[in-house]
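Novice: Following this message is one structure expressed as structure tokens.
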Amino acid sequence: MQPLIKKLVEAYGPSGYEGQVRELVRAEIRSLPDYTSVDPLGNLIAVLKKKTKSGRKVMLSAHLDEIGVMVSHIDERGFARFVNLGGVSPLTCVGGRVRFASGVTGVIGLDARRDDPGKPPTLAELFIDFGAASRADCPVKVGDAAGFYRPMETIGEHRLVAKSLDDRIGVAILIEVMRQLKNSPHEVAFVFSVQEEVGLRGAGTAAFGLDAEVGIAVDVTRTGDTPNGPKMAVNLGGGPAIKVRDSGMLADPRVKDLLVQRAREANLPAQLEILEAGTTDAAAMQIARGGLPAGCVSIPTRYLHTPSEMVDLRDVEGVVALLVQTLQKPIEL
Amino acid sequence: MAKKPAARAKPAAQKPQPAAPAAASLPPEVAFLKQLSEAVAVSGDEGAVRKLILEAIRPHVDSVTVDALGNVLAVKKARNGGARERVLAAAHMDEIGFMVTGHDSDGALRFEPVGGVDDRILMGKPVLVGPNRAPGVIGAAPVHLLSQDRRTSVVKANALRIDLGVETAEAAKKLARLGDRGTFASELDLLGAGAGFAGTLRGKALDDRLGCATLVELLRAGPYPCELHAAFTVQEEVGLRGAKVAGYATEPAAAFVLDCTPALDLPHSLDDRENVEYNTRLGLGPAIYVADRATLSDGRLVRHLQRTAASAGLPYQLRQPGGGGTDAGAIHRTRAGVPSVSVSVPGRYLHGPAALARLDDWRHTVQLLQRALEGWSSKVWK
């Protein structure tokens with residue numbers, strides 16, 4: 001999966017500007033699904049048709065978008081001020097690089113004349129430097145969006161470090177599941193969703209459009225295993241994290257139990273996840289239309305929303321296996 | 001024995017004060033704006049504006065309904081009667097203000113803010129309260145009697161009272177009942193017009209009566225090569241509530257939201273720092289949204305507006321991406337999703353008793369939207 005993951009994480013696709021990564025996914029899945037469509041907000045929906053009468057209609061979702069920035073002003077000397085798209089921490093911005101849809105890159109600098117130099121900077125105190133000499137020379141315009149820019153690397157034996165593993169790793173997993181899934185009795189709609197980082201917007205409208213019976217999001221979650229990390233019983237390398245709850249959703253216990261059972265049957269290591277801050281597309285799916293049973297399989301990830309997010313490949317393969325296992329068998333809730 | 005009254009001194013001849021320009025002397029579309037601006041329609045109680053709008057649009061639309069929440073939903077069929085794409089244009093009728101929450105024994109009203117009200121600007125403002133527009137004032141201790149401390153602190157709304165000029169709770173209750181709403185008492189004026197300058201509107205509730213007026217103008221013109229659905233929405237200022245159901249009910253292919261957004265284009269500070277957070281600037285034309293807190297505009301609709309402006313020679317500006325939100329925040333998430341964009345008239349001092357907006361910015365907004373609808377075709381989506 002590594003070449004696929006590398007292509008996906010290094011692609012451009014901040015919230016609302018998922019076109020490039022969407023085309024990349026479309027090219028990868030080509031003829032695998034029975035049909036694909038792009039809905040009004042830009043969600044890519046790939047459907048495998050139902051093989052048996054008793055099959056359910058299942059919606060899987062992984063989001064295409066990544067956090068990023070948007071230019072809000074270009075000053076006289078060609079520096080750009082910007083605002084965040086999604087949860088961007090100023091702490092990880094300084095010295096970072098951003099890349100725009102056109103391929104133009106810039107470096108983030110810190111305003112030297114700050115109101116309170118003792119405090120961490122605010123986004124308003126940062127700017128992007130394009131090496132431009134003047135406003136007229138600046139290669140971007142107000143309203144242009146950028147993602148962070150960093151190549152993927154392998155660290156240690158099993159671990160990948162990259163920007164945008166949130167949630168391109170979920171996207172890669174969905175593609176791999178589509179490749180491996182043979183003879184599922186269910187109708188499976190793979191939703192590559194947009195605008196998750198700004199409020200689960202794509203998943204909500206996609207769920208309305210699909211009107212599925214069961215929903216499962218595939219997204220990253222935090223871990224509690226770093227020095228003085230959060231008190232959280234999820235470890236990197238501990239296997240797929242089956243969500244019990246997060247700050248936006250109580251996972252349907254039937255979906256959670258089904259996932260736990262399928263992991264056990266396949267002898268897959270798995271962990272239960274309780275995430276105190278953050279949520280996933282499943283929260284939006286759960287309350288679409290008249291509601292649906294929803295759950296989430298998470299990939300344990302360190303340093304979320306930084307340009308160096310870290311996952312363990314064994315966890316990634318575990319999530320693929322768990323989803324294939326779940327989708328190949330009957331879903332009785 | 002009564003004293004003989006002293007003969008009154010004849011007052012010195014005074015220049016008669018110039019009268020405020022009569023509504024009749026205003027351009028006709030401004031006269032309608034004046035009616036809209038001066039109507040009181042705080043969130044949840046939009047009846048006064050709804051009435052004006054229903055009267056204004058009836059002759060120009062194919063159907064009009066008022067939905068369960070109070071939104072006015074009107075349809076203007078496509079040119080040549082063809083079944084064309086449904087395009088929604090929305091503007092909110094409601095304004096910020098306050099709600100009466102209690103009556104003090106001395107006749108003063110307690111109140112709580114409705115929508116985004118700035119406590120710092122409340123004291124001393126004339127207001128209108130209740131269904132019969134009872135005049136009053138938000139009371140304040142006069143500056144003569146204030147200690148230094150109190151002069152520099154902000155008094156919260158819950159510590160303020162509205163004085164209706166009556167002496168008992170009973171008398172106050174006749175003018176304003178519990179739950180009645182009210183807002184600033186302001187008239188709409190056109191400032192500075194002449195010598196080639198169209199002038200600046202000054203009034204309350206320009207957010208979003210300017211959008212309502214734009215939408216009325218769109219309905220007066222046309223028909224267009226699309227089926228125009230107009231939604232004059234309720235309860236925007238308290239959370240985009242009317243727009244959510246209006247979007248669901250109309251199920252459009254695209255949505256344009258017409259609002260009014262702050263212009264913070266005055267210098268920030270006295271040093272040489274460049275103002276980099278102005279949101280919009282007066283006089284530069286309609287402000288097209290790329291992103292705010294609630295919506296990422298559909299890129300194809302932004303492009304359509306930019307191309308329309310360029311080909312018609314109309315000015316426009318991009319609103320600085322950042323916070324804030326419009327009805328688009330609710331509409332674009334309805335059903336299976338609606339590509340949406342907002343266009344605002346820039347206004348200084350919004351959510352106060354006297355906002356300023358350039359008349360030409362509003363006129364250019366009307367022209368931009370009319371042209372954008374006239375130029376509607378499947379090419380927009382390419």
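Novice: Out of all the residues in the range A:65-91, which are hydrophobic (A, V, I, L, M, F, W, C), buried (at least 16 other Cβ atoms within 10 Å of the Cβ) and more than 10 Å from chain B (Cβ to nearest Cβ)?
Specialist: Residues satisfying the conditions are A:I67, A:V88.
Novice: Residues that are under 25 Å from the mean Cα position of the chain (by Cα) and at pLDDT 95 or above: does the range A:108-116 have at least one?
Specialist: The first filter runs over the range A:108-116 and keeps only residues under 25 Å from the mean Cα position of the chain (by Cα), leaving A:108.
Cutting the leftovers down to at pLDDT 95 or above gives us A:108.
Scanning the range A:108-116 turns up at least one residue that is under 25 Å from the mean Cα position of the chain (by Cα) and at pLDDT 95 or above.
Novice: Determine which single condition B:R335 fails, assuming it passes every other condition in (1) facing chain A (nearest Cβ under 8 Å); (2) surrounded by fewer than 24 Cβ atoms within 10 Å (Cβ to Cβ); (3) touching a strand residue (DSSP E or B) at 6+ places or on another chain (Cβ under 7 Å).
Specialist: Going through the list (1) facing chain A (nearest Cβ under 8 Å); (2) surrounded by fewer than 24 Cβ atoms within 10 Å (Cβ to Cβ); (3) touching a strand residue (DSSP E or B) at 6+ places or on another chain (Cβ under 7 Å), B:R335 breaks only (3).
Novice: Yes or no: the range A:26-34 includes at least one residue that is open to solvent by 30 Å² or more (accessible area, probe 1.4 Å) and closer than 21 Å to A:E213 by Cβ. Working first, answer last.
Specialist: Applying the first criterion (open to solvent by 30 Å² or more (accessible area, probe 1.4 Å)) to the range A:26-34 yields A:26-28, A:30-32, A:34.
Then keep just the ones that are closer than 21 Å to A:E213 by Cβ; that gives A:34.
Looking for residues that are open to solvent by 30 Å² or more (accessible area, probe 1.4 Å) and closer than 21 Å to A:E213 by Cβ, one finds at least one in the range A:26-34, hence yes.
Novice: Any residue in the range B:191-198 that is in contact with a helix residue (DSSP H, G or I) (Cβ under 9 Å, 6 or more places away or on another chain) and open to solvent by less than 40 Å² (accessible area, probe 1.4 Å)?
Specialist: So the first thing to find is which residues in the range B:191-198 are in contact with a helix residue (DSSP H, G or I) (Cβ under 9 Å, 6 or more places away or on another chain), and the list is B:193, B:197-198.
Within this subset, residues satisfying the condition of being open to solvent by less than 40 Å² (accessible area, probe 1.4 Å) are B:198.
Looking for residues that are in contact with a helix residue (DSSP H, G or I) (Cβ under 9 Å, 6 or more places away or on another chain) and open to solvent by less than 40 Å² (accessible area, probe 1.4 Å), one finds at least one in the range B:191-198, hence yes.
Novice: Open to solvent by less than 20 Å² (accessible area, probe 1.4 Å) and either facing chain A (nearest Cβ under 9 Å) or in contact with a His (Cβ under 8 Å, 6 or more places away or on another chain) (or both): does that describe B:T308?
Specialist: Against the criterion (open to solvent by less than 20 Å² (accessible area, probe 1.4 Å) and either facing chain A (nearest Cβ under 9 Å) or in contact with a His (Cβ under 8 Å, 6 or more places away or on another chain) (or both)), B:T308 does not qualify.
Novice: So, in the range A:58-86, of the ones that are in a strand (DSSP E or B) and among the small types (G, A, S), which residue ends up farthest from the chain's Cα centre (by Cα)?
Specialist: A:A80
Novice: Take residues that are open to solvent by 30 Å² or more (accessible area, probe 1.4 Å) and tell me which of the strands (runs of 3 or more DSSP E) falling wholly in the range A:92-188 contain 3 or more.
Specialist: Filter on the range A:92-188 gives A:105-110, A:153-155.
Table: residues versus (1) within 20 Å of A:I299 (Cβ to Cβ); (2) within 14 Å of chain B (Cβ to nearest Cβ); (3) under 11 Å from the mean Cα position of the chain (by Cα).
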| position | (1), (2), (3) |
| --- | --- |
| A:G156 | yes, no, no |
| A:I169 | yes, no, yes |
| A:I175 | yes, no, no |
| A:M178 | yes, no, no |
| A:K182 | no, no, no |
| A:V191 | yes, yes, no |
| A:L210 | no, yes, no |
| A:A217 | yes, no, yes |
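Novice: Within 13 Å of chain B (Cβ to nearest Cβ) and either surrounded by fewer than 20 Cβ atoms within 10 Å (Cβ to Cβ) or without any contact (Cβ under 8 Å) to a residue 24 or more places away in the chain (or both), is that true of A:G19? Give the steps one after another, and end with the answer.
Specialist: Details: within 13 Å of chain B (Cβ to nearest Cβ): yes; either surrounded by fewer than 20 Cβ atoms within 10 Å (Cβ to Cβ) or without any contact (Cβ under 8 Å) to a residue 24 or more places away in the chain (or both): yes.
Yes: the conditions hold for A:G19.
Novice: Among the candidates A:P40, A:P33, A:P14, single out the residue that is touching a residue at least 60 places away in the same chain (Cβ under 8 Å) and touching a Pro at 6+ places or on another chain (Cβ under 6 Å).
Specialist: Unique residue meeting the criteria: A:P40.
Novice: Are any of the residues in the range B:348-364 touching a helix residue (DSSP H, G or I) at 6+ places or on another chain (Cβ under 7 Å), assigned to a loop (DSSP other than H, G, I, E, B) and within 11 Å of chain A (Cβ to nearest Cβ)?
Specialist: No: the range B:348-364 contains no residue that is touching a helix residue (DSSP H, G or I) at 6+ places or on another chain (Cβ under 7 Å), assigned to a loop (DSSP other than H, G, I, E, B) and within 11 Å of chain A (Cβ to nearest Cβ).
Novice: How about the range A:313-326: which of its residues are surrounded by fewer than 24 Cβ atoms within 10 Å (Cβ to Cβ) and of a type in the set (D, E, K, R)?
Specialist: Within the range A:313-326, A:R314, A:E317 qualify.
Novice: Taking A:N235 and the conditions (1) without any contact (Cβ under 8 Å) to a residue 12 or more places away in the chain; (2) out of contact with any helix residue (DSSP H, G or I) (no Cβ under 9 Å at 6 or more places or on another chain), which numbered condition does it fall short on, given that it satisfies the others?
Specialist: Failing condition for A:N235: (1).
Novice: Cβ-Cβ distance below 9 Å, separation of 6 or more or different chains: which pairs start in the range A:174-185 with a residue that is at positive phi and end on one that is surrounded by fewer than 21 Cβ atoms within 10 Å (Cβ to Cβ)?
Specialist: Matching pairs, first to second residue: A:N183/A:K51; A:N183/A:Q328.
Novice: Additional query: Can you tell me which residues in the range B:100-118 are part of a loop (DSSP other than H, G, I, E, B) and of a type in the set (G, A, S)?
Specialist: Let us first name the residues in the range B:100-118 that are part of a loop (DSSP other than H, G, I, E, B), namely B:104-108, B:115-118.
Across the range B:100-118, the qualifying residues are B:S105, B:G107, B:A108, B:G115, B:G116.
Novice: Is at least one residue of the range B:269-283 closer than 28 Å to B:R335 by Cβ, modelled with pLDDT of 95 or more, open to solvent by less than 30 Å² (accessible area, probe 1.4 Å) and more than 11 Å from chain A (Cβ to nearest Cβ)?
Specialist: Restricting attention to the range B:269-283, the residues satisfying the condition of being closer than 28 Å to B:R335 by Cβ are none.
No; the residues of the range B:269-283 include none that is closer than 28 Å to B:R335 by Cβ, modelled with pLDDT of 95 or more, open to solvent by less than 30 Å² (accessible area, probe 1.4 Å) and more than 11 Å from chain A (Cβ to nearest Cβ).
The values are calculated or read from the model by the stated rules, or taken from the named source; none is laboratory data. Everything numeric in this text was worked out from a predicted model, so none of it was measured. Quick reminder, even Gly has a Cβ in these numbers, built from the backbone with ideal geometry, and neighbours come from all protein chains shown. Keep in mind that these areas ignore ligands, DNA and RNA; they rest on the heavy atoms of the full protein, side chains included. Shrake-Rupley method; radii C 1.70, N 1.55, O 1.52, S 1.80 Å.
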